[in-house]
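To start, the structure itself, in structure tokens.
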Amino acid sequence: MTGFDTRAIHAGQEPDPLTGAVVPPIYQVSTYAQDGVGGLRGGYEYSRSGNPTRTALEECLAALEAPGVLGAAGLAFASGLAAEDTVIRTVCRPGDHAVIPNDAYGGTYRLFSKVAGPWGVDHTPADVTDPTAVAAAIVPGRTKLVWIETPTNPLLNIADIAALAGVAHAAGALLVVDSTFASPYLQQPIALGADIVVHSTTKYLGGHSDVIGGALVATDAALVERLRFHQNAMGAIAGPFDSWLVLRGIKTLGVRMDRHCANARAIVDVLINHPSVVQVMWPGLAMHPGHEVAKRQMRDFGGMISFRVNGGEQHAVDVCGRTKVFTLGESLGGVESLIEHPGRMTHASAAGSPLEVPSDLIRLSVGIETLEDLAADLQQALA
Ligand SMILES: *Cc1c(COP(=O)(O)O)cnc(C)c1O
């Protein structure tokens, strides 16, 4: 078994057999010539069902999330939400039920409440930091999915993946882990008992804020087959160029994550000591309630930080408007630092719901720029 960075650079990406090209070409093609009816040269017949550039990405994703696990498969989608929708439709039928985090990503909450709900799959938001609360939210016989994120967005809570796998499996449900905030470099949920790992590859995997994409990794053969069927039948696949961009991003995932984590650690120090900051949420802090679990299940604590300021919503909004190196914008996980106000931006759709976030909350996606520039920018914005 090779190391993570070697897999990131080589898995699924043997030099092209025809030309020796060291990077998988962008197979910008919809259909493939057949040698006689059904005579497929490379196993490909139509690019919704399969495309060589997408295959390269899918094999690489499986090698990162579940190294050495027989039957591990990756599936690449047009967006993180397309991947999530495919999980719901594959695992659930109308009448089934899901447990979701009470601070889920806003789009995930919207998918469950506005799309899966009307389709007949209802859900219960639960505190995923507390396995007992998750167990209590399960509806015996009806719950098919226990859906968690860790770390959560935007509150950076930590869920104990191994403990929740036990809770889900005891109820006959699957454990789905949205591991977008950690990336496979920091956390590999399959080894901890998860059945399906979800990523928005738009974030750290792509890493350069230039592509929207999603991914699933699963290992159970029957489950993989059903997910693949739905990927093709529903059709929300990653295109060849988008697959290529994500593959290109993945090659530097390890070095980028190391810098994201180091910069975040230093920015946390700036915030903790600042008189305008009333609370800092980052799992690397010893006082963070999920610190011990994070230490156990993550390699490092990630590049996402949330914090609350004094002076309420207006001050938080003002701070977001004053940074110059941190770009005011949604999304996360790219090389450039971003700042946002979840209450009015990424989580506006959760207003008035159990998932509403504090109005004085600011979320940072700490990029890989020069640390001193990031620190000085926040100092002037908070002053
Ligand atoms: C962005 C995000 C998603 C949705 O992914 P898209 O690529 O935007 O569809 C899902 N989960 C988390 C945690 C995210 O940050």
Next item on the list: Would you mind working out the accessible area per residue for the chain, using a 1.4 Å probe, and quoting it in Å²?
Entry: 39 Å²
Check: For the chain, what is the calculated [θ] at 222 nm in deg cm²/dmol (nearest 500), taking -39500 (n - 2.57) for each run of four or more DSSP H residues and dividing by its residue count?
Finding: -10500 deg cm²/dmol
Note to self: Over the chain, with a Gaussian network built from C-alpha contacts below 10 Å, which listed residue (F301, F112, F181) shows the highest mean-square fluctuation?
What the structure shows: F112
Next item on the list: Positive end of the charge dipole of the chain (Lys, Arg +1 and Asp, Glu -1 on Cβ, about the Cα centre): tell me which of A83, G235, A133 has its Cα farthest that way.
Entry: G235
Notebook entry, point to check: Probe 1.4 Å, all protein chains in place: accessible area of E330 in Å², nearest 10?
Noted result: 100 Å²
Check: Say we join alpha carbon atoms closer than 10 Å with springs in a Gaussian network model of the chain; which of W119, W244, W282 then has the biggest fluctuation?
Finding: W119
Next item on the list: Express the C-alpha Rg of the stretch 4-250 as a ratio against the empirical globular expectation 2.2 N^0.38 Å, rounded to two decimals.
Entry: 1.01
Checklist line | Modelled label reach - Q380, point 7 Å along Cα→Cβ, the stretch 321-339 residues with backbone N closer than 18 Å | finding: 321-329, 337-339
Checklist line | Residue-by-residue Karplus 3J(HN,Hα) for the stretch 194-207, coefficients 6.51, -1.76, 1.60, Hz, glycine and proline x | finding: 5, 8, 9, 9, 10, 9, 8, 6, 3, 8, 5, 5, x, x
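Given a 1.4 Å probe and every protein chain left where it sits, what share in percent of the accessible area of the stretch 254-382 is carbon and sulfur? Each step should come with its number before you reach the end.
Values: 2700 of 5180 Å².
The nonpolar share, carbon plus sulfur, comes to 52 percent.
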Next item on the list: Quick one: accessible surface of K251, probe radius 1.4 Å, all protein chains present, in square angstrom to the nearest 10.
Entry: 60 Å²
Checklist line | Accessible area in the full protein assembly, largest first, 1.4 Å probe, for R256, R299, R226, R89 | finding: R299, R226, R89, R256
Notebook entry, point to check: Carbon-plus-sulfur fraction of the accessible area of the stretch 4-250, 1.4 Å probe, in percent?
Noted result: 57 percent
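Add +1 for every Lys or Arg and -1 for every Asp or Glu among the other residues with Cβ under 14 Å from the Cβ of D127, and state the total.
Working: positive: none; negative: D103, D130, E149, D160.
Local net charge: -4.
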Checklist line | Among A264, V309, S276 the positive-end extreme of the charge dipole of the stretch 254-382 (Cβ point charges) | finding: A264
Check: Under the Karplus relation 6.51 cos²θ - 1.76 cosθ + 1.60, θ = phi - 60°, what is the ordered set of whole-Hz ³J(HN,Hα) values for the stretch 143-160, x standing for Gly and Pro?
Finding: 6, 9, 10, 10, 10, 10, 10, 7, x, 7, 10, x, 8, 6, 6, 10, 9, 7
Check: Between E149 and residues 5 or more places away or on another chain, which pairs have amide H atoms under 5 Å apart, with H built 1.01 Å from N, and which residues are they?
Finding: D178
Check: When the chain is treated as a GNM, springs tying every alpha-carbon pair under 10 Å, which of V268, V146, V217 comes out with the largest mean-square fluctuation?
Finding: V268
Notebook entry, point to check: Along the stretch 28-40, what does the Karplus equation 6.51 cos²θ - 1.76 cosθ + 1.60 (θ = phi - 60°) give for ³J(HN,Hα), rounded to whole Hz, x for Gly and Pro?
Noted result: 7, 8, 9, 9, 9, 5, 10, 8, x, 4, x, x, 7
Checklist line | Mean Cα-pair separation over length for the chain, i.e. relative contact order, pairs under 8 Å, 6 or more apart, % | finding: 17 percent
Next item on the list: Under 30 Å between C-alpha atoms is the cut-off here; go through the chain and count lysine pairs that meet it, provided they're at least eight residues apart or on different chains.
Entry: 9
Checklist line | List S209, S353, S337, ordered by accessible area with a 1.4 Å probe, largest first | finding: S209, S353, S337
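The values are calculated or read from the model by the stated rules, or taken from the named source; none is laboratory data. This is a predicted model, so every value here is computed, not measured. Every residue, glycine as well, gets a Cβ built from its backbone with ideal geometry; the counts of neighbours run over all protein chains shown. Ligands, DNA and RNA are excluded from the accessible area calculation, which covers all protein heavy atoms including side chains. Shrake-Rupley method; radii C 1.70, N 1.55, O 1.52, S 1.80 Å.
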